[in-house]
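Engineer: Below are the C-alpha cells for one structure; questions will follow.
The values are calculated or read from the model by the stated rules, or taken from the named source; none is laboratory data. Remember, it's a predicted structure, so these values are computed and weren't measured experimentally. Don't worry about glycine lacking a Cβ; one is built from the backbone with ideal geometry, like all the others, and counts go over all protein chains shown. Each accessible area value is taken on the protein alone, full model and side chains, heavy atoms only, with ligands, DNA and RNA left out. Shrake-Rupley method; radii C 1.70, N 1.55, O 1.52, S 1.80 Å.
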Amino acid sequence: MLKKTLPFLLAIPSVGFASGAKIDFLNFDSQTQFQDFAKDLTGALSTKTLEPAEPLGLPGFDIGISYNMSNLKNDSMDHVSNNGGKSIDTITLHAVKGLPFDLNFGLDYSQALNSNIQVWGAKLSYALIEGGTLYPAVNISANYTQTTGIDALTFNGYGAEVGVSKGFANFTPYASLGMVTGNVKAREDNTGAAGPDLQDETVSMPKAAIGVNINLLVMDVLVAFNQIGEVSTYSIKAGYRF
C-alpha cells in the first residue's frame, strides 16, 4: 500500500510550491526576530492532528504517509538560510497502534523537503467517549516532538488537545482544539546585530484542527487543516486504518 501512495505524495511538491527550509546559521538582528522565528518553527514542526478521535482497539492500527505544507507568518527563514522560503513542507510517516482501555499510541517521523530538518514525534490519546451510531467519539491527547539533523539550534515541543469525530458511511469528519508549546535553543553564535548569545525562546500558542478521513476500501485518504498560532498547515494523508 505504501509503495503505491509514496510516489503520489512525493510528486505533490513538484507542482512548484515546495520551498527550501534548511537551517544553516543564525543571523538575527533582535531577540524579537528570534521569538518570531520560534513561533514559526513551533507552528510548522509541532504534531499535526491527522486522525479521528475514535479508539482503534487492541487489534487496530493506523499507518500512513502524509504531505504537509506549513505557511509561515514571518519571513523568519531568511535569518537561518540562504534558500529560506515562506513555508516548511514535510513528508511524514505515521504509525498509530490501538491499546487496551481505549488508548492509542503513535509515532511520527518527518523530513522537511530540501532541508536538514528532521522531526520525531510521539503521541498518546484516551477516548473519553468511544462513539457510536447516535453519538460522536471524544478523546483527549498529548504529544511531543523533537528535531534532529540541525547543528545551529534545537527544537522540542509538546501539546495537548481535545478531539471529536463522527463516522458517516465511509466518511469520518473530525475536529480538535488544544495548546502547543515550543522550545527553541541556539547552539551556535548568532552573527546578527542581536549579538552572539541569543536567549532561549519558549512560546505557547493555540491549536485547532479539522479534517475528514475517507475510507476507499483498499486504502484511506485523509485531508486536514491545522492552525497553530498564525501558522496554517494543509495536509493530505494516504494509508490504512483498521
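Engineer: D for segment 19-64, whole µm²/s, Stokes-Einstein with Kirkwood Rh over alpha-carbon pairs at 20 °C and 1.002 mPa s: what number?
Structural biologist: Using the Kirkwood radius from Cα pairs, D works out to 150 µm²/s.
Engineer: Could you work out the relative contact order of the chain, using alpha carbon pairs under 8 angstrom and six or more residues apart, expressed as a whole percent?
Structural biologist: 24 percent
Engineer: For helix 2-11, what angle does its Cα long axis make with the longest principal axis of the chain, in degrees from 0 to 90 and rounded to 10?
Structural biologist: So the helix axis and the longest Cα principal axis differ by about 40 degrees.
Engineer: Can I ask one more? Between their Cα atoms, which of LYS97/LYS207; LYS86/LYS166; LYS97/LYS166 are more than 31 Å away from each other?
Structural biologist: LYS86/LYS166
Engineer: Relative to the longest principal Cα axis of the chain, at what angle does helix 31-45 sit, 0 to 90 degrees, rounded to 10?
Structural biologist: So the helix axis and the longest Cα principal axis differ by about 30 degrees.
Engineer: Right, another one. Quick one: accessible area per residue over the chain, 1.4 Å probe, rounded to a whole number of Å²?
Structural biologist: 46 Å²
Engineer: Once the Cα gyration tensor of the chain is found, what semi-axes does its equivalent ellipsoid get, as square roots of 5 times the eigenvalues, in whole Å, sorted largest first?
Structural biologist: Each semi-axis is √(5λ); the values are 33, 19, 14 Å.
Engineer: Further question: In whole percent, and with a 1.4 Å probe on the protein chains, what portion of the accessible area of the chain is carbon and sulfur?
Structural biologist: Carbon plus sulfur share of accessible area: 62 percent.
Engineer: About the Cα centre of the chain, what is the dipole size in debye to 20, counting +1 per Lys and Arg Cβ and -1 per Asp and Glu Cβ, all else neutral?
Structural biologist: That gives the chain a dipole magnitude of about 820 debye.
Engineer: Measure out, as a whole number of angstrom, how far apart the alpha-carbon centroids of segment 206-230 and segment 109-123 sit.
Structural biologist: The two parts, judged by their Cα centres, are 19 Å apart.
Engineer: Would you kindly calculate the translational diffusion coefficient of segment 62-141, applying Stokes-Einstein with the Kirkwood radius from alpha carbon pairs, for 25 °C and a viscosity of 0.890 mPa s, and quote it in µm² s⁻¹ without decimals?
Structural biologist: 163 µm²/s
Engineer: If you don't mind, another one. Have a look at ALA44, ALA95, ALA169 and tell me which one the Gaussian network model of the chain (Cα, springs below 10 Å) gives the largest fluctuation.
Structural biologist: ALA169
Engineer: In vacuum, with every alpha carbon of segment 163-242 counted as one equal point scatterer, what does the Debye formula give for log10 I(q)/I(0) at q = 0.11, 0.14 Å⁻¹? Two decimals, please.
Structural biologist: Each listed q corresponds, in turn, to -0.48, -0.64.
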